[in-house]
Every structure is written in structure tokens, then in C-alpha cells.
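For reference, the structure discussed in these notes is given below.
The values are calculated or read from the model by the stated rules, or taken from the named source; none is laboratory data. Please read these numbers as outputs of a predicted model, since none were measured by experiment. Here the Cβ is made from the backbone with ideal geometry for all residues, glycine too, and neighbour counts use every protein chain on show. Note: accessible area is taken over every heavy atom of the protein model, side chains too, but ligands, DNA and RNA are not part of it. Shrake-Rupley method; radii C 1.70, N 1.55, O 1.52, S 1.80 Å.
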Amino acid sequence: MFWEFDDVGYFKFKEGLVAVQKDGKWGYINTKGEQAIECKFDDAGDFKEGFARVQKDGKCGYINTKGEQIVECKFDYAGDFSEGFAVVGKDYKYGYINTKGEQIIECKFDDAWGFNEGLALVQKDGKCGYINTKGEQIIECKFDSAGDFKEGFAEIKKDDKWGYINTKGEQVIECKFDDASDFNEGFARVQKDGKYGYINKKGEQIVECKFDDATYFKEGFAAVQKDGKYGYINT
């Protein structure tokens, strides 16, 4: 397996397979180094939820872990599957297909992202909102920018400031931050005046904005930077 391929996909196995390139074409090997899916695609993505995006002749489709073409290469764009759906694009418009390759939500959005907690972020006429898996507009496109739902909250931007809404579209934390990130383990990283800190789901400032850089909480800890040095804080 060593020194055999021209390129490899992010050097990470996903669902037991990793994309590899040979003679200008992409395929997949398994964890034993065996060629599981032959190198015949112009491009190939990671496997997620049992499917991977592949490209042929400038068009995108999907294969399963056996290498079978589940969705023919007919889209201009194809994203990863998330919660049983994938974003696909045609003629600069975006919609969604299911794992059978059926077009569940037509390509009508200016941009679209994957489903998280049953809702997907979509954009129309320069504004962001959310739809459910039936394609119904649950939260209207009225935000300047927005993020995915995580732990029941999504960060949204209005009038150049960031805040948070819940899955009903209710404003639960006012737009007062210069930047905002997803909630992780009950806390979200926010920015004010160029410094980072953390809030809880009530919008309370649990850690003041005093760090030059900061990461998400993971397993109860977050890495933070101050005066060019890094350390860790707990919750």
C-alpha cells in the first residue's frame, strides 16, 4: 500500500474507506489497503451515512460502500448526506435528495446546507432561514447570515450583530455579539471588541470576553489563547 497512490482524501478513513487517486482517477481502499472501489472517478468525497459523492464528466452523483452508483452523476453540485438528505445543485439553484436519489425538495434556493436536528439552513434573495425535511419554510428567510442548529439553538446575524434563535424561530438571545458560534456542551463561544468568551443557553456571560482566541468546549474543556500563549479552561 505504501507509495502506491498519487493522492489520498484527507488521510482519514470514513466508514472503513478512504478516497485515493491513481493515474488521475479516484477510487477507495479499505483499512487493509485493498482496492475496495476502483479508481474511475474524476473526483470523490468521504463516505457519510453510507454514501459518498463522486464526479464524472463534470457532474456529481453518489455511490454506496460497495461502489454501486446509487444516484447517477447528473448534478452540478452534491454535498454530504446528513440525517438522510443531501444538498444537490442544478443551474445555480439548490435542493435536496433522499438516500434513494429521489428529489424530495426541488432546486429552488440560492444556497442550502445540510440538515441538523431536523432543520436545514437555506438562503433566498440574500436572506437566511430554515426548512424542515418536507421542504416547508419553518423559519422565514429574514436573517443576514446564520448557522446550523445545535443543541436546539442556531446563531443568526441581524444588523451586523449576532444572537441566537430556537427551533421555533424565537429570538432567545439578543443580537449583541460581533461573532458567535455553535453551542457545545451547553456553552457557545462569542466575540466582543475582538475578544472571545462564553455564554450559556440563557445568554448569560459565563466567561467574559478576554481571550485572543478560543475553541469549542469538548469533554468539559476548551483551549484559549492570551498574549500568544495557549491554555485550557473548564466549564
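Quick look at the numbers
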read-out: Cα convex hull of region 1-127 - mean projected area over all directions, nm²; value: 8.1 nm²
read-out: Inter-probe distance in nm under a simple model that places probes 7 Å from Cα toward Cβ, at Lys12 and Glu102; value: 3.2 nm
read-out: In Å², nearest 10: area of Lys210 left accessible to a 1.4 Å probe; value: 80 Å²
read-out: Relative contact order (percent, whole number), region 94-133, Cα cutoff 8 Å, 6+ residue spacing; value: 27 percent
read-out: Relative contact order (%) - region 98-235, alpha-carbon pairs under 8 angstrom, separation at least six; value: 11 percent
read-out: Option label - percent of Cα pairs over 21 Å apart computed here, alternatives (1) 57; (2) 52; (3) 64; value: (3)
read-out: Inter-label distance, nm, simple model (7 Å from Cα along the C-beta direction), Asn234/Asp111; value: 4.0 nm
read-out: Segment Asp76-Asp212, extension gain: residue separation times 0.36 nm, minus the distance between their alpha carbons; value: 45.0 nm
read-out: Solvent-accessible surface (1.4 angstrom probe) belonging to Cys107, in square angstrom, nearest 10; value: 40 Å²
read-out: Whole-percent carbon and sulfur share, accessible surface of the chain, 1.4 Å; value: 44 percent
read-out: Cα-based Rg and Dmax for region 189-235, where Dmax is the largest Cα-Cα distance (Å); value: 10.1, 31
read-out: Under 5 Å, built H, 5+ apart or other chain: amide partners of Lys150; value: Phe183
read-out: Hull shadow area, averaged, region 58-189 [alpha-carbon convex hull, nm²]; value: 8.8 nm²
read-out: Among Asp212, Asp111, Asp148: highest mean-square fluctuation, GNM of the chain, C-alpha pairs under 10 Å; value: Asp212
read-out: Length-normalised contact order for the chain - Cα pairs under 8 Å, 6+ apart - percent; value: 6 percent
